[in-house]
1. Using θ = phi - 60° and the Karplus form 6.51 cos²θ - 1.76 cosθ + 1.60, what ³J(HN,Hα) does each residue of segment 107-114 get, whole Hz, x for Gly and Pro?
2. How charged is the neighbourhood of A134? Take every other residue with its Cβ under 14 Å from the Cβ of A134, and add Lys/Arg as +1 and Asp/Glu as -1.
3. How large is the accessible surface of L63 in square angstrom, using a 1.4 angstrom probe and rounding to the nearest 10?
4. Give me, ordered by chain and number, the residues 5 or more places off S69 or on other chains with an amide H under 5 Å from its own placed amide H.
5. Hey, what do the phi angles of segment 140-153 turn into as Karplus ³J(HN,Hα) couplings, whole Hz, using 6.51/-1.76/1.60 and θ = phi - 60°, x for Gly and Pro?
Amino acid sequence: VSTKTTTASSSTAQTFLTQFDKTQSTTDTSYDRTAPEPNYQKLHPQTSLNLVSTINTTLAQILSSNPTSILFGQDVAFGGVFRCSQNLKTQFGPHRVFNTPLSENGIAGMAVGYASMGGLALAEIQFADYIFPAIDQIVNEMAKFRYRSGGQWDCGGVIVRSPCGAVGHGGHYH
């Protein structure tokens with residue numbers, strides 16, 4: 001029974017994707033579903049990264065490729081609580097990697113303001129448990145900025161990173 005269900009589900013998904021592809025413009029080449037996956041082992045044969053070093057490498061690549069990008073949040077200049085931003089302040093300077101006060105709402109609000117001026121804001125909320133004070137900024141400002149301005153402005157240059165699952169308690173104490 002489960003094999004038939006899986007086959008039916010796969011068939012349904014394939015039908016949907018086929019119909020979806022037919023509705024897309026033929027000039028849209030932004031994403032090619034038929035392109036093969038790159039051979040990552042061939043590109044980086046000696047590289048072995050864990051999650052923390054992958055995040056650190058990704059943040060470094062963003063900061064090096066976009067001169068308007070800044071990284072900020074609680075303790076990020078010191079490397080962050082999980083060391084994901086370790087050495088980035090040294091590498092990119094204190095004007096691009098810096099600590100903020102203990103204010104999740106302020107971090108999200110700063111991300112909205114900086115991105116609305118054309119920069120790329122890499123904001124870190126230290127723990128996902130603590131993101132709730134920032135929900136108003138994320139939902140009512142960040143997500144609706146372009147809509148609320150009738151398309152005149154946007155704050156699309158925002159990345160909010162908020163780790164979860166590493167610590168099993170504490171959300172109600174912040």
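1. Karplus-based 3J(HN,Hα) across segment 107-114 equals 4, 5, x, 5, 4, 4, x, 5 Hz.
2. -4
3. Counting only protein heavy atoms, the figure is 0 Å².
4. L120
5. 8, 10, 4, 6, 10, 4, 5, 4, 5, 9, x, x, 6, 10
The values are calculated or read from the model by the stated rules, or taken from the named source; none is laboratory data. Not measured: the values here are computed from a predicted model. Virtual Cβ from ideal backbone geometry, glycine too; neighbours counted across all protein chains shown. With ligands, DNA and RNA removed, areas are computed over all heavy atoms of the protein, side chains included. Shrake-Rupley method; radii C 1.70, N 1.55, O 1.52, S 1.80 Å.
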